[in-house]
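Only the coordinates and a few stated rules stand behind these numbers; no lab work does. Just so we're clear, the structure is a prediction, and the values are computed from it rather than from any experiment. Heads up, the Cβs are rebuilt from the backbone with ideal geometry, glycines too, and the neighbour counts pull from every protein chain shown.
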Amino acid sequence: TGRVTLDPGFGNTAACTSEITYIDGDAGVLLYRGYPIEELAEGSSFLEVSYLLIYGELPSREQLDQFTDRIGRHSMLHEDLRRFFDGFPRDAHPMAVLSSAVSALSTFYQDSLDPFDPEHVEASTIRLMAKVPTIASYAYKKSIGQPLLYPDNSLEYVSNFLRMTFGVPAETYQSDPVLSRALDVLFVLHADHEQNCSTSTVRLVGSSQANLFTSVSAGIDALSGPLHGGANQAVLEMLEQIRQEGGDVASFVRRVKDREAGARLMGFGHRVYKNYDPRAKIVKQAAQDVLARLSQSDQLLDLAMELEEVALKDDFFVSRKLYPNVDFYTGLIYRAMGFPAKMFTALFAIGRLPGWIAQWREMIDDPATRIGRPRQVYVGPQRRPYQPLEKRG
Ligand code: CMC
């Protein structure tokens, strides 16, 4: 077995080769299959980017139409799965509902579980892309006690999701095209990020040859933590707290530096980006645009910008190369759109889904894949004799 190397958090260990996403953390570069994130955010759509990540190339018009059409045809949930939502408490966290319901897909769609049958993999790919937004919107509807709406496939992907989330049967829902587009761009920005915690989880679970639904469900659970996808909810809660305490940004920064109660500046720092997060730049601009569009002035946006300014001048953050990450401004946009903070991480999950699928498929197709099985360095007691219960003090 040879010598093992200790590498907590896998800071320096590559577990796979990948052709999907390239990051240069020092230069602030992010490419999906070679295409710069800035150009994709500007010119493409979320389904186009999903196709690119999953199949390797940008789709032709016909390929995109077919992909969209197939997803549309699977956007409803099995009626029994709709009833599943009744079993959860009203105040359940949407991420817990989402991962449970995605795991349950493997009980409803047993005809698409074989990881080595390309037709099964394709069917589970389309089902996930189609059903995860429906599930996420139902998690929200359940939490506010409103009826679940069936999808309307005449609408495009994001507008359909917004309607299922914010529409009610008693009224015709009109989504604002500017907001739909803004959410589409946010999904593009989240679509993949190479071997982050949730994606590595999807690969690790999949490496045991567990099916795609189950692997993605595990990825959703990994995403839910505050150091990963849960950071977008945590940022908003942090800003709210600062506002409630009188808006004193400097004193909050001081508490973070003093490591008071383990406080971190949520939405700051990244394992790989040590210059800036290219996604954060686009999101900051989008936050300003969306709020201007809604003619909302947002005290929390002002606080966030002040916080960024103060932190970026402070040696604590500068010397540790801590910059705003993608999660710093996203919550402000989601909030302006009407989403409660508890839903933010579920939005991240919808965005990250094509990345998880693409990475799982790459893992399954790669002949070099072995079951994921990290080693350890044992530091516990040496061998010692067992003491019968009555002889122990
Ligand atoms: N606030 C204050 N100090 C920080 C922060 C922060 N947000 N992030 C890192 N540090 C400090 C940390 O205490 C350590 O200092 P020292 O060397 O004196 O002990 C140093 O910076 C290095 O930090 P680390 O924890 O070793 O870095 P990491 O690569 O293990 O963690 C991170 C990366 C993203 C988990 C971390 O920066 C963090 O907790 N950030 C806040 C949570 C957050 O915004 N997460 C979203 C990440 S981006 C999108 C996503 O993945 O979901």
- Two-site label geometry, residue 122 and residue 3: point separation in nm, points 7 Å out along Cα→Cβ: 5.0 nm
- Query: Picking from 130, 15, 218, which is most flexible by a Gaussian network model of the chain using Cα springs under 10 Å?
  - Reply: 15
- Item | Lysine pairs with alpha-carbon atoms under 22 Å apart, the chain, spacing 8 or more or separate chains | 17
- Task: First select every other residue whose beta carbon is under 12 angstrom from the beta carbon of residue 23; then total the charges, Lys and Arg +1, Asp and Glu -1.
- Result: -2
- Query: So how far apart, in nm, are the two label points at residue 144 and residue 295 if each is 7 Å from Cα heading toward Cβ?
  - Reply: 2.2 nm
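Set the Förster radius R0 to 35 Å, insert the Cβ-Cβ distance between residue 66 and residue 29 as r into 1/(1 + (r/R0)^6), and round the FRET efficiency to 0.05.
0.65
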- Message: Taking a virtual spin label 7 Å from the Cα of residue 154 along the C-beta vector, which residues in the range 67-85 bring their backbone nitrogen under 20 Å of it?
- Response: 68-77
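What is the dipole size for the range 231-337, taken about its Cα centre, with +1 at each Lys and Arg Cβ and -1 at each Asp and Glu Cβ, in debye to the nearest 20?
Details: 16 positive and 16 negative charges, 103 e Å.
So the dipole magnitude of the range 231-337 works out to roughly 500 debye.
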- Toward the positive end of the charge dipole of the range 231-337, about the Cα centre and with charges on Cβ (Lys, Arg +1; Asp, Glu -1), which of 332, 244, 316 goes farthest? 316
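For residue 13 and residue 250 in one chain, what is 0.36 nm times their gap in residues minus the Cα-Cα distance, to one decimal in nm? Mind showing how you got there, number by number?
Details: separation 237, 0.36 × 237 = 85.32 nm, distance 3.74 nm.
Roughly 81.6 nm would be gained on extension.
Using the Cβ atoms and a cut-off under 11 Å, what net charge is assigned to the surroundings of residue 193, where Lys and Arg are +1 and Asp and Glu are -1?
On the way: positive: 271, 279, 352; negative: 192, 194, 277.
Residues near residue 193 contribute 0 overall.
Treating only the Cβ of Lys, Arg, Asp and Glu as charged (+1, +1, -1, -1), what charge dipole size does the range 1-95 show about its Cα centre? Round to the nearest 20 debye.
On the way: 8 positive and 16 negative charges, 89 e Å.
The calculation lands at about 420 debye.
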- Please report the relative contact order for the chain, taking Cα pairs under 8 Å with a sequence separation of at least 6, and give it as a percent rounded to a whole number. 24 percent
- Calculated FRET efficiency for the pair residue 305/residue 378, C-beta based, R₀ 41 Å, to 0.05: 0.25
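Would you please put 373-385, 26-38 in order of how densely packed they are, using the mean number of other Cβ atoms within 10 angstrom per residue and starting with the highest?
On the way: 373-385: 6.6, 26-38: 16.6.
Listed from highest to lowest mean packing, they are 26-38, 373-385.
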- Item | Candidates 152, 289, 314, ranked by Gaussian network fluctuation over the chain, Cα under 10 Å, top entry | 314
- Item | Viscosity 0.890 mPa s, temperature 25 °C, Stokes-Einstein D of the range 231-337 from Kirkwood C-alpha radius, µm²/s | 176 µm²/s
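Can you check what the Kirkwood hydrodynamic radius comes to for the chain, Cα pairs only, in Å to one decimal? Walk me through the numbers before you get to the answer.
Values: mean 1/r = 0.0448 Å⁻¹.
By the Kirkwood definition, the hydrodynamic radius is 22.3 Å.
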- Task: Evaluate E = 1/(1 + (r/R0)^6) for residue 370 and residue 90, where r is the Cβ-Cβ distance and R0 equals 45 Å; express this FRET efficiency to the nearest 0.05.
- Result: 0.55
- Query: Among 305, 343, 363, which one shows the biggest mean-square fluctuation in a GNM of the chain, springs joining Cα atoms closer than 10 Å?
  - Reply: 305
